[in-house]
Amino acid sequence: MQMRERTRIQTSEMSDGILAQRSIAGDQRAFEILVQRYSTPLFNFICRFLSDYDQACDILQQVFVQLYISLPNLRTSDPLKAWMFQVARNRCLDELRRKHAIHFSELEPANDDDELSPLATMPDTDPLPEELAERRDLQQCLQKAIQTLPPKFRSVVLLRYAGQLSFSEIGQALDMPEATAKTYFQRAKPLLRAALTA
Amino acid sequence: MQYPLRALFSNDILPDDSLPCDELDELFSQLEQLEPPPSLIARILSSISQLPQPGQRIAWGKFDNLVVRREDYPPC
């Protein structure tokens, strides 16, 4: 019993590389750990990128299926984490293009205060004491501020704040130098401040 | 060709590349983590379990160039 528990802990502490190798060798548990490790940050990123909870579920599934299928071909020095976020972002962009079939620059949200994003209008089943209401308002403000950013800044900010990626990983996910990722992030900050104080 | 494990998926051994935190970072650190529904994780794992093992595809792929293709023969 103790032995099995120790093995379980050891497996969950393995690096992505080892887990990927074990998945290729047919270890389903190893892939399960990868799914558990990255499902929340990926879902958080996708959900905030699309502002669509249901669609985020579909895309998360697609990302992991693509990972599983691509595992034997991932012979690169890129970290697995950055690769998954890159796939997630590409899937999100495909989805936005498919949905709107418009030029990317037109994906900016309309500044219509009456029209909240689906994420902002998600029903809150909890009771709403003052603290909860304040917290929900804050979440809506933060989400709205991110949505006002130009797409190239928005990706960097979401990868940083929602995906918890380092700048090095953001650079790899977006195929840009780390310094550029940092610059975009710094340039996004005054825009976020302005959106929050507007 | 064999690749050293470290070269493959060289994850999480990255230098600390963070910028100094400011009040905006503090504020956005309060951004809630949206959790995927547990049923979704189960669905993902179930769909993965129905796929062929990735390793199996590699094993057969290695021998692909040894296959003699005779397009003029009927399939057996």
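Miscellaneous remarks
- Hits in segment B:9-30 (condition: modelled with pLDDT under 90 and within 21 Å of A:Ala173 (Cβ to Cβ)): B:Phe9, B:Ser10, B:Asn11, B:Asp12, B:Ile13, B:Leu14, B:Pro15, B:Asp16, B:Asp17, B:Ser18, B:Leu19
- Check on A:Glu106, at pLDDT below 75, part of a loop (DSSP other than H, G, I, E, B) and surrounded by fewer than 14 Cβ atoms within 10 Å (Cβ to Cβ): no
- Residues in segment A:164-198 that are in a loop (DSSP other than H, G, I, E, B) and either at the interface with chain B (Cβ under 8 Å from one of its Cβ atoms) or on the phi > 0 side of the Ramachandran plot (or both): A:Gln164, A:Ser166, A:Asp175.
- Near pairs, Cβ below 6 angstrom, 6+ apart or cross-chain, from segment A:170-182 (closer than 14 Å to A:Lys152 by Cβ) to any residue that is surrounded by fewer than 16 Cβ atoms within 10 Å (Cβ to Cβ): A:Gly171/A:Pro177
- Odd one out for A:Glu32 among (1) surrounded by fewer than 16 Cβ atoms within 10 Å (Cβ to Cβ); (2) acidic (Asp, Glu); (3) at the interface with another protein chain (Cβ under 7 Å from one of its Cβ atoms): (1)
- If the condition is being in contact (Cβ under 8 Å) with a residue 12 or more places away in the chain and either surrounded by fewer than 21 Cβ atoms within 10 Å (Cβ to Cβ) or in contact with a strand residue (DSSP E or B) (Cβ under 9 Å, 6 or more places away or on another chain) (or both), then segment A:37-50 contributes A:Arg37, A:Ser39, A:Pro41.
- Index of the failed condition, A:Ser39 passing every other in (1) at pLDDT 95 or above; (2) small (Gly, Ala, Ser); (3) over 19 Å from B:Ser39 (Cβ atoms): (3)
- Summed over segment A:155-167, the residues that are touching a residue at least 40 places away in the same chain (Cβ under 8 Å) and surrounded by 17 or more Cβ atoms within 10 Å (Cβ to Cβ) give a count of 6.
The values are calculated or read from the model by the stated rules, or taken from the named source; none is laboratory data. Fair warning: this is a prediction, and the values are worked out from it, not measured in the lab. Please note: Cβ atoms are built from the backbone with ideal geometry, for glycine as well, and neighbour counts cover all protein chains shown.
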